[in-house]
Amino acid sequence: MAILLDRDTRVLVQGITGREARMVTAHMLAYGTAVVCGVTPGRGGEEVAGVPVYDTVAEAVAANRPAAALVSVPPAAVLDAALEAIEAGLRLLLIATERVPKHDALRLLRAAGAAGVRVIGPNSVGLINPGQRVKLGAIGGDRPERAFVPGRIGVISRSGGMTAELGLMLRRHGFGVSTAVSVGGDALIGTPPAELLPLFQADPETDAIVLFGEPGTRFEEDVAEALADGRFSKPLLALVAGRFTESLPEGTAFGHAAAIIRGGSGRPSAKLAALRQAGAWVADDLDELFRFLDALASSGVHHEPGQR
């Protein structure tokens, strides 16, 4: 089973003739993702890695019936691309582009919400289901199996790089991944971590979740509220980076657009305290995180033989 994406999900790539999108398309196809079409205005009739290119999303959808789109276009073009995909009836958008203008992000997220469309990102490296060998986005690069092997641990990460690092560390410790999701590093994203919890809760092939958090936003506090309210009952192991940032000048950005501390909001110490109080297994470092997983293994979180 999978959340968000499976082997039957037909994928469209917007901006497919761009350098990065060409590379990512080839990697997704090699892994097993059903990339069936792409769109670049003015480039209709071309092919990328054997995938037909269309001038508009409407043409691509009519000919190929995709359900999901990877949006890989410049920041100023994201709003138009997303609205075009929403209007054409796609149900899942993965926006890889970083630093989408906030007003554009607000408009596209409002339109997606009104249409019942799930948005991952902006600034997401992607999502992957190793058991079905399917991924959407650049996650895992050209050989995702180096970091992601099938298993029963869900991964939710605000950092694209740490999504892969967690997958790799899980594999090295004998665990595997059910689904891993890079939610995106921009300040305004479509699916914050707390909104993924019901999907993992309902997935019988996910035994526990590893959450990687960062400074900025209330995302981790919202996860803590879901735990405290009983809306998520599976074990949740959390690691929040960036405690050093609390000693730096207020308002400093730390890499991602959303990683900003203002006043009492967004402090890693507050996130850690809220998660701990709500019942999460809160780790100070990766070593402690995997000690927690080893402790859980005897109570139903399974090691996967041969994955070390």
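Alpha carbons only, please: Rg and Dmax for region 20-136, in angstrom.
13.5, 38
Could you tell me what percent of the accessible area of the chain is made up of carbon and sulfur, with a 1.4 Å probe and every protein chain present?
It is 52 percent, rounded to a whole number.
Tell me, what is the Rg over Rh of region 63-200, with Rh the Kirkwood radius over Cα pairs?
Answer for region 63-200: 0.98.
Taking the Cα centroid of region 29-66 and of region 118-148, what is the distance between the two, rounded to the nearest whole Å?
First find each Cα centre; the distance between them is then 19 Å.
Restricting to region 11-299, what percent of DSSP beta bridges are antiparallel, rounded to 5?
20
Using helices alone, what [θ] at 222 nm do you get for the chain, with -39,500 (n - 2.57) per DSSP H run of 4 or more residues, divided over all residues and rounded to the nearest 500? Provide the component values of the computation, followed by the final result.
Numbers: 9 runs with 101 residues, N = 308.
Calculated mean residue ellipticity at 222 nm is -10000 deg cm²/dmol.
With every protein chain in place, what's the accessible area of E165 (1.4 Å probe, Å², nearest 10)?
Here the accessible area works out near 70 Å².
Using the Karplus curve 6.51 cos²θ - 1.76 cosθ + 1.60 with θ = phi - 60°, what ³J(HN,Hα) values do you get for each residue of region 4-12, in whole Hz, with x for Gly and Pro?
Karplus values, whole Hz, x for Gly and Pro: 6, 8, 8, 5, 8, 6, 8, 10, 10.
Excluding residues fewer than 8 places away in the same chain, name every one of the aspartates and glutamates whose C-alpha is closer than 16 Å to that of K102.
D80, D186
Under 26 Å from the Cα of K234, which lysines turn up, not counting those fewer than eight places away in the same chain?
Counting by Cα, and skipping residues close in sequence, K234 has these lysines nearby: K135, K271.
Spin-label point model (7 Å from Cα, Cβ direction): what's the R218 to D287 distance in nm?
Placing both labels 7 Å beyond Cα along the Cβ direction yields 3.6 nm.
So how exposed is F292, as accessible area in Å² (1.4 Å probe, rounded to 10)?
Roughly 40 Å² of F292 is accessible to a 1.4 Å probe.
Applying 1/(1 + (r/R0)^6) with R0 = 45 Å to the Cβ-Cβ distance of A76 and A295, what FRET efficiency is obtained, to the nearest 0.05?
0.40
Sorted from largest to smallest, which semi-axis lengths in Å does the alpha carbon gyration tensor of the chain give for its equivalent ellipsoid, taking the root of 5 times each eigenvalue?
In descending order the semi-axes read 32, 23, 16 Å.
With every protein chain left in place and a probe of 1.4 Å, what is the accessible surface of E98, to the nearest 10 Å²?
Surface accessible to solvent at E98 totals approximately 80 Å².
Which residues in region 135-157 place their backbone N less than 15 Å from a point set 7 Å from the Cα of D229 along the Cα-to-Cβ direction?
Within reach of a label on D229, which here means backbone N under 15 Å from a point 7 Å along Cα→Cβ, region 135-157 contributes nothing.
For the chain, calculate the relative contact order in percent as a whole number, restricting contacts to Cα pairs under 8 Å that are 6 or more residues apart.
Relative contact order here is 14 percent.
Assuming R0 = 30 Å, can you tell me the calculated FRET efficiency for the pair L29 and R107, based on Cβ-Cβ distance, to the nearest 0.05?
In this case the efficiency is close to 0.40.
Rounded to the nearest whole Å², what accessible area per residue is found for the chain with the 1.4 Å probe?
40
The values are calculated or read from the model by the stated rules, or taken from the named source; none is laboratory data. What you see is a predicted model; the values in this text were computed from it and never measured. Using ideal geometry, Cβ is built from the backbone for each residue, glycine included, and neighbour counts are taken over all protein chains shown. Surface accessibility is based on the protein's heavy atoms, side chains included, excluding ligands, DNA and RNA. Shrake-Rupley method; radii C 1.70, N 1.55, O 1.52, S 1.80 Å.
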